[in-house]
Amino acid sequence: MSEFSVIGRRLPKVNAWAHLTGQARYADDLFLPRMLYGRLLRATRPHARIRRLDVTRALAHPGVVAIVTGADMPEKMGIMPSTQDETALAVDKVRYVGEPVAAIAATDEDAAFDALSLIDVDYEDLEPIFTIEEALEREDVKIHDTSKRANVFKEVHLSFGDLEAGFAAADHVRDDWFFFEGNTHAPIETHSAVASYGADDKLTLWTATQVPHYLHRELEKVLGLPRSRIRVVATPNGGAFGGKSDPFAHEFAAALLSLRTGRPVKFTLDREEVFYAHRGRHPVKMRIRTGVKKDGEITAVHYQSFLDGGAYASYGIATTYYTGALLTVTYRIPAYKFDGVRVYTNKPPCGPKRGHGTTQPRYGFECQLDKIAVDLGLDPLEYRKRILQPPNSRTVNELRITSMGLGECLDALQRATKFSEKHGQLPRGKGIGIAGSAYISGAGLPIYWNEMPHSGAEIRIDRGGGVTVMCGTSEIGQGSDMVLASVTAEALGVLPEDVHVVSGDTSLAPVDLGSYSSRVTFMAGNATKDAAMKLRALVVEAAAEKLGVPAERLLTAYRRVYDHDDPSKFVTFTDAAVLAESRHGTLVAAGSYKPPKGIGGTFKGAGVGPSPAYSYQATVAEVSVDVETGTLTVDKLTTAHDCGRALNPANVEGQVEGSAYMGYGEIVVEEQVFRGGLHKKPSLLDYKLPTSLDTPALEAIVVESVDAEGPFGAKEAGEGPLNPVIPAIANAVYDAIGVRFDETPITAEKILDALGLRDNRRVTKDRIGPDGLGDGKADPKRALRRLGATTDARERKTVGGLRPPAPD
């Protein structure tokens with residue numbers, strides 16, 4: 001019998017019925033009296049100065065009430081305080097096609113749209129930068145004048161252990177290049193916001209955001225309005241996946257236009273606008289050099305990443321570090337060096353997408369491990385088990401590992417798929433591949449470094465036995481409201497349907513930093529448990545006196561407080577709550593959580609990577625490749641995921657399956673590509689996504705390592721399961737046709753090219769992918785020499801063999 005009454009049960013989400021019946025109110029469902037409708041004028045040039053911006057004709061258009069431009073909101077803003085390089089609307093210069101330039105509020109959306117064409121903008125074209133190589137080389141063209149070298153946004157160089165000795169001790173060294181194509185989130189719901197400035201001089205913004213707290217801060221800065229007079233309400237998100245975790249132009253425009261007009265203003269982006277708002281997966285070129293002994297034991301890894309960040313910073317400083325920081329948490333690596341460079345280009349800004357910053361390097365590293373296994377004649381599954389980073393350990397870059405269930409995940413996959421018996425034994429065109437991964441359960445440090453909690457929660461019990469939990473989390477479809485309700489219900493002994501959840505409201509709920517980095521289950525869950533356990537103590541104390549039994553013998557479950565030794569002795573939860581309120585007054589408690597200190601290093605740059613716990617996962621992919629047409633069919637994806645403890649197994653399995661679907665799309669069809677700065681596929685007709693008919697059979701296996709610090713033992717489940725899917729499919733394709741795909745996506749055209757069947761060339765290849773930096777427009781060797789020179793200079797500054805600090 002389970003020790004829990006709620007945890008571990010397959011219960012429906014507390015908000016499921018509202019969504020199923022259409023009662024959930026998304027931002028675009030909100031209609032307020034006298035509401036105006038907004039539209040954004042977007043740049044048509046990838047890189048240009050704004051010589052003149054005249055809104056006179058547009059203001060005269062029937063139905064137009066107000067227009068704002070960049071001059072009305074010139075304050076720099078952004079999600080990361082140290083790299084704020086963006087304005088709500090462009091000021092003086094545009095840096096990508098689709099950048100917002102002006103905003104119109106009108107009595108209806110058609111009038112606002114028609115008036116856009118009446119805004120006169122005179123541009124002075126500047127030479128654009130579109131590739132990583134150009135960005136590294138071009139000193140004569142600056143997207144941002146703040147770039148110290150060419151168009152480099154961020155450069156990172158970190159070294160741990162004796163790399164030179166590690167490679168010298170290796171019996172075998174692989175040196176491989178990879179390219180991961182950029183892609184976007186494609187949520188069902190587009191971005192939407194409604195702002196209303198009231199007669200009380202207070203502003204309310206309802207918006208589809210993942211980060212109400214951080215948006216709250218930025219609104220104060222840009223609008224010059226005290227935060228005490230601003231309320232941000234995160235409406236239910238119809239999907240987000242990281243794409244709604246930045247502050248966006250439409251949110252500021254709605255707020256300012258409401259301030260100016262005294263009327264509510266709504267902005268809802270169309271699908272093409274969402275593609276330009278972007279903040280999706282970075283295109284990344286990678287070079288990975290790994291040394292191993294004859295038995296496969298890793299002796300050294302040198303990882304280099306080159307990120308195309310688009311026109312602005314977004315989360316880019318964290319993304320750059322994440323591409324290197326977490327490679328060490330899965331397998332033992334005694335010596336490790338990481339060089340990372342993120343550059344500006346004249347394309348929509350990239351940002352965080354599910355698996356933020358870790359998806360691209362995990363793809364490259366897991367493909368390379370598969371190559372090493374083949375080189376050494378090792379079973380890829382057993383090889384990974386042999387080199388696992390142990391639990392309760394420290395990585396070479398000083399990350400603390402607690403629970404670690406990757407070995408159990410690999411064992412579960414072997415039992416479920418018979419991987420070892422099938423690998424290398426299937427007929428041509430059939431393949432099976434495997435990959436492992438890990439992800440954070442929230443970041444160890446907040447975006448704004450301070451000593452305050454990362455998450456807070458308040459819980460109130462009313463006289464009828466009802467429970468209300470308030471927390472600043474955003475419900476984006478991942479089930480965070482259910483986490484809050486389940487943790488509260490388990491601690492107090494009620495059921496989730498007895499719990500009313502108030503989330504994502506900066507005026508009603510304590511601060512939570514947001515629904516990103518898979519932080520909510522661990523951090524908001526712990527904050528909620530903290531508050532609930534305080535109330536539980538009061539309720540149990542009152543019940544103990546009523547029943548005449550010691551408080552330590554009492555348990556709470558199924559709306560009762562009862563005697564462990566004699567369950568027939570009980571009081572209802574409602575009666576116990578009334579007794580407790582009679583003794584202690586109104587039953588309200590606050591809880592909070594912040595990660596423990598010492599979970600990462602103290603070197604410069606150590607702030608990205610530490611987490612209170614890491615989830616672990618592995619995927620086996622089974623594929624079929626039609627060698628005549630090049631068609632790749634993924635027949636089945638089986639993912640085992642270590643989530644600590646499954647608070648709700650059905651929800652965990654849903655997250656694992658959703659991650660598998662998303663990873664499948666990224667490796668098979670998705671690509672966010674541009675021609676002359678113009679998006680080639682800015683619609684869901686052209687941007688290919690798998691449909692339900694395309695999606696392979698999905699199996700989720702829940703592995704429970706029960707983390708000692710997680711709420712009831714739980715860790716994250718929303719992002720990590722995506723990461724192993726992509727390399728597992730690539731490795732399965734190799735098993736099927738003997739061709740390595742070291743770039744994404746794997747298309748039919750590329751498969752035919754490799755098999756020598758495209759355009760009747762009859763020249764076969766054993767690999768598709770980059771051989772280094774370079775696209776024919778710049779000297780790749782020169783770019784590498786410049787990076788190497790920078791690295792060498794930093795190494796010369798190293799004192800006593802210590803790692804060099806990361807640059808500012």
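Please tell me the relative contact order of the stretch 453-593 in percent, rounded to the nearest whole number, where contacts are Cα pairs under 8 Å and at least six residues apart.
Details: 301 pairs, mean separation 46.8, N = 141.
Normalised by residue count, the contact order of the stretch 453-593 is 33 percent.
Can you say what percent of the DSSP beta bridges in the chain, counting only those with both residues inside, are antiparallel? Round to 5. Can you show the working numbers first?
On the way: 103 of 134 bridges.
So the antiparallel bridges in the chain amount to around 75 percent.
Over the Cα atoms of the stretch 165-287, what Rg and Dmax result, in angstrom?
Over the stretch 165-287's Cα set, Rg and Dmax evaluate to 20.6, 74 Å.
Can you work out the Karplus-derived ³J(HN,Hα) for every residue in the stretch 132-137? Use 6.51 cos²θ - 1.76 cosθ + 1.60 with θ = phi - 60°, whole Hz, and x for glycine or proline.
Computed from phi, the couplings for the stretch 132-137 are 4, 5, 4, 4, 6, 9 Hz.
If you plug each phi of the stretch 680-689 into the Karplus form 6.51 cos²θ - 1.76 cosθ + 1.60 with θ = phi - 60°, what whole-Hz ³J(HN,Hα) values come out, in order, with x for Gly and Pro?
7, 9, x, 7, 7, 7, 9, 6, 6, 10
Which helices, counted as full DSSP H runs in the chain, have an axial Cα extent of no less than 15 Å and a Kyte-Doolittle average of 0.5 or above? Could you put the intermediate results ahead of the total?
On the way: long enough: 212-223 (16 Å, -0.76); 249-261 (18 Å, 0.67); 359-376 (26 Å, -0.36); 406-417 (16 Å, 0.12); 480-492 (18 Å, 1.08); 525-547 (31 Å, 0.13); 573-584 (16 Å, 0.00); 649-668 (28 Å, -0.07); 725-737 (18 Å, 1.48); 780-796 (24 Å, -1.40).
Answer set is 249-261, 480-492, 725-737.
Alpha carbon centre of the stretch 689-713 versus the stretch 102-165: separation in Å?
Using only Cα atoms to place each centre, the spacing works out to 37 Å.
Going by amide H atoms built from the backbone, whose H comes under 5 Å of the H on GLU86, apart from near neighbours?
Answer set, sorted by chain and number: MET77.
How would the stretch 311-456 be classified by its alpha-carbon gyration tensor: rounded, prolate or oblate, with rounded meaning a/c under 1.5 and the a/b versus b/c comparison settling the rest? Don't skip to the end; give the middle numbers.
Working: a/c = 2.20, a/b = 1.58, b/c = 1.40.
Cα axes put the stretch 311-456 in the prolate bin.
Can you pull out the GluC sites (Glu not before Pro) in the stretch 429-485 that DSSP calls coil and that have at most 10 other Cβ atoms within 10 Å? Mind dumping the intermediate values first?
Working: sites: GLU451, GLU458, GLU475; in loops: GLU451, GLU475.
Sparse-neighbourhood loop GluC sites (Glu not before Pro): GLU451.
Which of the lysines could a cross-linker bridge to LYS221, judged by Cα under 17 Å and excluding same-chain residues fewer than eight apart?
The reachable lysines, counting only those whose Cα sits under 17 Å from LYS221, are LYS76, LYS202.
Roughly speaking, what is the centre-to-centre gap between the stretch 20-93 and the stretch 306-363 when only Cα atoms are used, to the nearest Å?
Centre-to-centre (Cα) distance: 29 Å.
Between the stretch 208-225 and the stretch 606-643, what is the separation of their alpha carbon centroids in Å?
Centre-to-centre (Cα) distance: 36 Å.
Hey, can you rank 574-587, 309-322 by average C-beta count inside 10 Å, highest first? Walk me through the numbers before you get to the answer.
On the way: 574-587: 17.5, 309-322: 26.4.
Descending mean neighbour count gives 309-322, 574-587.
Where does each of TRP17, TRP449 land when they are ordered by accessible area, with a 1.4 Å probe and the largest first?
Details: TRP17 160, TRP449 185 Å².
Sorted descending by solvent-accessible area, the residues read TRP449, TRP17.
In percent, what relative contact order does the stretch 136-222 have, based on Cα pairs under 8 Å that are 6 or more apart in sequence?
Computed value for the stretch 136-222: 13 percent relative contact order.
If you add up the charges near MET452, with Lys and Arg at +1 and Asp and Glu at -1, over every other residue whose beta carbon is less than 12 angstrom from its beta carbon, what do you get?
Working: positive: LYS594; negative: GLU451, ASP512.
It works out to a net charge of -1.
Using modelled amide H (1.01 Å from N, peptide plane; none on Pro or chain starts), what sits under 5 Å from the amide H of GLY504, excluding residues fewer than 5 places away?
Here the answer is CYS471, GLY472, THR473, since their amide H atoms fall under 5 Å of that of GLY504.
Taking the Cβ of MET77 as the centre, find all other residues whose Cβ is under 13 Å away and add up their charges (Lys, Arg: +1; Asp, Glu: -1).
With Lys, Arg at +1 and Asp, Glu at -1, the net is -4.
Tell me, what HN-Hα J-couplings in whole Hz come from the Karplus equation 6.51 cos²θ - 1.76 cosθ + 1.60 at θ = phi - 60° for each residue of the stretch 692-707, using x for Gly and Pro?
Using θ = phi - 60°, the values come out as 5, 6, 7, 5, x, 4, 10, 10, 10, 10, 8, 10, 10, 8, 6, 6 Hz.
In what sequence, highest mean first, do 725-732, 6-13, 681-688, 83-90 appear when ranked by Cβ atoms within 10 angstrom? Spell out each step's value before the answer.
Details: 725-732: 31.2, 6-13: 18.8, 681-688: 14.6, 83-90: 22.4.
Put in order of decreasing packing, that is 725-732, 83-90, 6-13, 681-688.
What is the set of long-range amide H partners of ARG138 at a cut-off below 5 Å, with H atoms built 1.01 Å from backbone N?
ASN151
As an exercise, identify the trypsin sites (Lys or Arg not before Pro) in the stretch 108-190 lying in DSSP coil whose Cβ has no more than 10 other Cβ atoms within 10 Å. All intermediate terms of the calculation are to be shown ahead of the outcome.
Working: sites: ARG138, LYS142, LYS148, ARG149, LYS154, ARG174; in loops: ARG138, LYS142, LYS148, ARG149.
Passing both the DSSP loop test and the Cβ count: LYS148.
With all protein chains present, how much of the accessible area of the chain (probe radius 1.4 Å) comes from carbon and sulfur, to the nearest whole percent? If you can, show how the numbers build up before the last one.
Details: 14880 of 29180 Å².
Heavy-atom surface of the chain belonging to carbon and sulfur, 1.4 Å probe: 51 percent.
Restricting to Cα pairs below 8 Å that are 6+ residues apart, what does the relative contact order work out to for the chain? Please round to a whole percent. Please report the intermediate quantities before stating the final value.
Working: 2085 pairs, mean separation 126.2, N = 808.
Relative contact order for the chain comes out at 16 percent.
Using a 1.4 angstrom probe and counting only protein chains, how large is the accessible area of ASP270 in Å², to 10?
Its heavy atoms expose roughly 60 Å² to the probe.
Straight-line reach from LYS148: which aspartates and glutamates have a Cα under 19 Å away, not including same-chain ones fewer than 8 places off?
Once the sequence-local aspartates and glutamates are set aside, what remains near LYS148 is ASP85, GLU86, GLU127, GLU133, GLU134, GLU137, GLU139, ASP140, ASP308, ASP339, ASP792, ASP808.
Once you treat every alpha carbon in the stretch 453-593 as an equal point and sum by Debye, what is log10 I(q)/I(0) at q = 0.12 Å⁻¹?
-0.45
For a 24 Å ceiling on Cα separation, which of these pairs sit above it: LYS293/LYS604; LYS371/LYS765; LYS244/LYS681; LYS13/LYS418; LYS142/LYS244? Walk me through the numbers on the way to the answer.
On the way: LYS293/LYS604 31 Å; LYS371/LYS765 16 Å; LYS244/LYS681 20 Å; LYS13/LYS418 34 Å; LYS142/LYS244 28 Å.
Beyond 24 Å between Cα atoms: LYS293/LYS604; LYS13/LYS418; LYS142/LYS244.
The values are calculated or read from the model by the stated rules, or taken from the named source; none is laboratory data. Nothing here was measured: the structure is a model prediction, and the numbers come from that model. Note that we place each Cβ from the backbone using ideal geometry, even for glycine, and neighbour counts take in every protein chain shown. With ligands, DNA and RNA removed, areas are computed over all heavy atoms of the protein, side chains included. Shrake-Rupley method; radii C 1.70, N 1.55, O 1.52, S 1.80 Å.
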